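Q: Got a structure for you, written out below as C-alpha cells; questions coming shortly.
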Amino acid sequence: MATTYSALPESAARAPHGPLLDTSLPRAGRWAFLAVLFGALAYAGFSIFVDTAQVGETMAMGVFLFLGLALLIALGFEFVNGFHDTANAVATVIYTHSMPAPLAVVWSGFFNFLGVMLSSGAVAYSIVTLLPVDLILHVGSNSGFAMIFALLLAAVIWNLATWFVGLPNSSSHALIGSILGVGLANQLISASTSGTSGVDWAQAEKVLSALLFSPLVGFVGSLLLLLLMKLVLRSPKLYREPEGNAPPPRGIRATLIATCTAVSFFHGSNDGQKGMGLIMLILIGCAPTAYALNRTVPASATPAFVQTATAAANAFSAHGGDAAVADLPEARAVLTHVLEARQAANPAAYSAIAVLSRDVSQRIGNYGSLGNVPAKATPNLRNDMYLVHGTAQLVVKDKAAAATFSPAELKTIGSYLKGLEQGTRYIPLWVKIIVAIALGLGTMIGWKRIVVTVGERIGKSHLTYGMGASAELVAAVTIMLADQFALPVSTTHILSSGVAGASVANGSGLRARTIVNMALAWVMTLPAAMLLSGGLYWLLLTLLDAFGAR
C-alpha cells in the first residue's frame, strides 16, 4: 500500500514504445471544461428552485446550505469516480497507440456521460436499500443528515488516497463499505440488535457477492478469451508489443476503440447510478415535498394503481386469518417489526399489509394523483408506501410465505410492487444530467496515475493489442450483465483483473509487487471505508445533537 506508482522516472512517460502522457487539453478546452462545470452546478440549483416552487415548499437557509454542500460532495464523489475508475478504460487504447491520450479521455468522458443518461436507475436503489430502514424512513432527521455526509466523505477520502498512490481501487467498494459502516455505527449507537437500525445483510450479501466474483470473471474471462483468440486469430501482431508509436492496423484499432467505448458507456450506466441514489436521499431529506414522491406519474395511472392495490390488499387479507390488525398505527408497528426481523411469513404481517395498502390506495385515489398530494401529507404517505413495499417484497422473496399464495395472487402482488416503485423510486432528468456531467468531466482529470499502473505495472511486458481487446471486451460484457440484474460492480477490479488474466495468457507474467498492492487495496477498502464512515457518522451525529440541529 505504501508504494507510490506516480513517482515514475520522467523517461517512463516518454519511453520509445510508451505513449505520450504529458500532453494536456488546449486553453480553449480548459475554458470549456470550466464552463460546463459551473453551468452544471447552476443548472442543479435552478432545477431545485423550480421543483420546490412548483409544490410550494420553502427551505430554511440552513437546510438550503446543507443541501448545496451535500450535493457538492455527492457530485465530487462522481467526479473522483470518473478519473479514478475510467482511467482503466482508456489505458488500453493509450498504451496500444490506438488513440492519443487527450482524445481518449475526452472520448471516454463523452460515453460515460451517455451511459449515465441512458441508465435505468435500478442500480441506484439497490445501493440505497443497503441502508438501515429507520435512516431511510427518517432521512431528514439528524441521523439521516449525519449518514449522508459520513458515507459521502468516507468514500471520497478513500478514493483520493488510493488515487494518490496510483492504485486502481474500486469506487463501488469504497461506497458500499461506507454504507455498511454507517449501518453498523447506527446499530451500535442505538444499542439495538434489530435489523431496522443496522444493515440489510440479505441485500449486502447480494451486492458483495457481485463485487467478489466480478474480478474473478474479469481474470478468468480475459485469460480464456485471449487463449481462444490465439487459436482463431493467428496474426502475430495481435500478441506482440506495438512497434514504435505507430497506431495499430485499422481493424485492430477499430476493435480496441470499440471495446474502450463499451467499457466507458457501461461504466457510466453502472457507476453513475450510485451517485444518483445518494443525491435522491439528499433531496428526499432536504425537500421531501418535492422529491419524496414521483409527482410526474400521470393522473391517468391512478385508477389502475388503485385497482391493483385493492386486489393485492384482498389477497393479503385472505391469508391474514384471525390475526386481524385493528388500525393504521398497529399496522405500521407490525410492518416495522417485520422489516426488523426480516420474517414475513405470518398472518399478522399479511393483515397489516392489507390494512396499510387499502389506506394508501384510498389516499392516492382521493387526491387523484401523486402530483396532488399536499405538502404535509407527503412524508407520511411516502413512508407508508416504503413500509408496504419492503414487507410485500419480503413475502414474494420468502419461499415459505410465497408458497401460501397462488400464482395469480403473486402476479397481482408483483404488479402492485411495480406501482409502488414507480411512485417512490425515480430519478429526475436533471439529476441524471448533473451526475453524467460530473462523471464525464472527472474522466478528463487525474487519469495518468491509474493509466500508468494498468498499462505498465500489472504485466511484465508492454500491453499488446490482444491483451487490451480481451480485457476490455470481458469488462464491458460483465458490467452490461450486472446492469441487467441491478448489481453494482467495480469497473476497476474487473478491468485490472482482466489485464492480469490477459498478461498470464500472453505468457508475459505479472509484477508481484503491483498485484500484492492491488490485492491489499481490494481487501482493505471495505474495512477502511467502514471505519471511516462509522467514525464520521458518530462525530457528525454528536455535533448535530450538540448544536441543536433539527
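Q: For ILE515, ILE148, what ranking results if the residue with the fewest other Cβ atoms within 10 Å of its Cβ goes first?
A: So the ranking, lowest neighbour count to highest, is ILE515, ILE148.
Q: Tabulate in residue order the Karplus-calculated ³J(HN,Hα) for the stretch 347-362, using 6.51 cos²θ - 1.76 cosθ + 1.60 with θ = phi - 60°, rounded to whole Hz; enter x for Gly and Pro.
A: Going residue by residue, I get x, 4, 5, 4, 5, 5, 4, 4, 4, 6, 5, 4, 5, 4, 5, 5 Hz, with x marking Gly and Pro.
Q: Then there's this: With 10 angstrom as the radius, rank LEU394, LEU41 by how many other C-beta atoms surround their C-beta, starting from the fewest.
A: Lowest count first: LEU41, LEU394.
Q: Still on this structure, please answer the following. Can you compute the charge dipole magnitude of the chain about its Cα centre, using +1 on each Lys and Arg Cβ and -1 on each Asp and Glu Cβ, nothing else charged? Give it in debye, rounded to the nearest 20.
A: 1380 debye
Q: Here is a follow-up. Taking Cα atoms, how many degrees apart are the long axis of helix 328-341 and the longest axis of the chain, rounded to 10 and kept between 0 and 90?
A: For 328-341 against the chain, the angle is about 40 degrees.
Q: Separate question: Taking θ = phi - 60°, what integer Hz values does the Karplus form 6.51 cos²θ - 1.76 cosθ + 1.60 yield along the stretch 245-258, in sequence order, with x for Gly and Pro?
A: With the stated coefficients, the stretch 245-258 comes to 9, 6, x, x, x, 3, x, 5, 4, 4, 5, 5, 5, 5 Hz.
Q: Here is a further query. Which option, (i) 79, 52, 46; (ii) 64, 49, 45; (iii) 72, 63, 37, is the value of Cα extents along the principal axes in Å that was calculated from these coordinates?
A: (i)
Q: As I understand it, the value is the acute angle between the Cα axis of helix 61-85 and the longest principal axis of the Cα atoms of the chain; what does it come to in degrees, rounded to 10?
A: 40 degrees
Q: Nearest 10 degrees, 0 to 90: what angle lies between the long axis of helix 171-189 and the longest principal axis of the chain (Cα atoms)?
A: 40 degrees
Q: Now, a different point. Once phi is turned into ³J(HN,Hα) by the Karplus curve 6.51 cos²θ - 1.76 cosθ + 1.60 with θ = phi - 60°, what whole-Hz value does each residue of the stretch 295-309 show in order, with x for glycine and proline?
A: For the stretch 295-309, the Karplus curve yields 6, 8, 5, x, 4, 5, 7, 5, x, 5, 5, 4, 5, 5, 5 Hz.
Q: What residues have an amide H closer than 5 Å to that of LEU510, excluding those fewer than 5 places away on the same chain, when H is modeled at 1.01 Å from N in the peptide plane?
A: Correct list: LYS460.
Q: If neighbour count is taken as other Cβ atoms inside 10 Å, put LEU72, LEU152 in order from fewest to most. Before the final figure, lay out the partial values.
A: Numbers: LEU72 14, LEU152 27.
By the 10 Å Cβ count, ascending, the order reads LEU72, LEU152.
Q: Under a Cβ-only charge scheme (Lys and Arg +1, Asp and Glu -1), can you give me the dipole magnitude of the stretch 299-424 about the Cα centre, in debye to the nearest 20? The partial results should precede the final answer.
A: Working: 10 positive and 9 negative charges, 65 e Å.
Charge dipole, the stretch 299-424, about its Cα centre: 320 debye, nearest 20.
Every number here is computed from the coordinates shown, using simple stated rules; none is lab data. Just so we're clear, the structure is a prediction, and the values are computed from it rather than from any experiment. As a convention, Cβ positions derive from the backbone with ideal geometry for all residues, glycine included, and neighbour counts pool all protein chains shown.
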